[in-house]
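Asks: Once you've had a glance at the structure underneath, I'll fire off some questions.
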Amino acid sequence: MNTTPDTSLLRPLYQRVYAVLLQRISEGEYPVGSALPSESRLSEEFAVSKATIRKAVDEMVVRGYVVRRQGSGTYVSARGLRPEGGVFVGSMDDLISGTPHLPVHDVRVSRGVRFPQDVREVFSPGVESGTIVRSRRKSGDTIFVYSVHYLSPGIEPLITEEELREGGMMALLRRRGVPLTAVEQTMSARLADVEVAEEFDIGVGSPVLLARRVLYAQEGPVDVTRIWYRGDMFQWRASLRLAEGQEDGIYSASAR
């Protein structure tokens, strides 16, 4: 059992403050042109020091979401209104199934890389390192998806950057005749660490969604993948209907 703590939950306080403030801006709670609350007010609200608030706002200034006006305050800029590439709207199923159809921005293959502990635990004993494939996909003009694939030794020779640019990993493996049998996947909310922030060109601590996927063939797991989505560019939408005879607030419907 993997007991390694989820480091996304151990981010510095300023990164968490940054994420909340950015969310408020993107949702219009702090409209473009409006002033952010004072450091004193935010410090009291978040129960952190003014230095922590200042560091969070400094990061937002660097990213262009807010601007400081000497002697006046800090104001929301036009960049803070919404992501440049628009918003992906749909259910979690739509998000997962729609990812392979988004245009590929870049693909990078690295060989002989040591795998993280949780990935090594998925593969057979003795598999300590191997090939890693990193790729990014766009929604509109903005990077929306960042994926990292950790490949089992048996499928490394099947992978080429050229083919990965034309489609997803699963499609490539099927074309190669790999007998895929099952997929396990989880989805959770996270804060962007330094690597993820750089890949998306967002601030450290920004909200992201993380999907962890294990792809199985007949011989066992062949691909462990981490897929990040920009949290400010995804809006979950569902149509819900009350089931006949059930109490208010109890729904019988599938997300669409």
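Asks: Can you confirm whether Gln235 is open to solvent by 60 Å² or more (accessible area, probe 1.4 Å) and in contact with a Pro (Cβ under 7 Å, 6 or more places away or on another chain)?
Replies: Spelling it out, it is not the case that Gln235 is open to solvent by 60 Å² or more (accessible area, probe 1.4 Å) and in contact with a Pro (Cβ under 7 Å, 6 or more places away or on another chain).
Asks: Also: Test Val67 against the criterion of being outside any helix (DSSP H, G or I) and either at pLDDT 90 or above or touching a Cys at 6+ places or on another chain (Cβ under 8 Å) (or both), and give yes or no.
Replies: Yes, satisfied.
Asks: Can you say whether Ile132 is more than 18 Å from Val214 (Cβ to Cβ), outside any loop (DSSP other than H, G, I, E, B), in contact with a strand residue (DSSP E or B) (Cβ under 7 Å, 6 or more places away or on another chain) and in contact (Cβ under 8 Å) with a residue 12 or more places away in the chain, as far as the supplied structure shows?
Replies: So Ile132 fails the test.
Asks: In segment 40-59, how many are farther than 13 Å from Tyr75 by Cα and either of a type in the set (A, V, I, L, M) or buried (at least 17 other Cβ atoms within 10 Å of the Cβ) (or both)?
Replies: Selection size over segment 40-59: 11.
Asks: Farther than 27 Å from Asp223 by Cβ and not in a strand (DSSP E or B): does that describe Asp93?
Replies: In short, no.
The values are calculated or read from the model by the stated rules, or taken from the named source; none is laboratory data. If you're wondering where the values come from, they're calculated on a predicted model, not measured in any experiment. So basically every Cβ, Gly included, is an ideal-geometry build from the backbone, and we count neighbours across all protein chains shown. Accessible surface areas use protein heavy atoms only, side chains included; no ligands, DNA or RNA. Shrake-Rupley method; radii C 1.70, N 1.55, O 1.52, S 1.80 Å.
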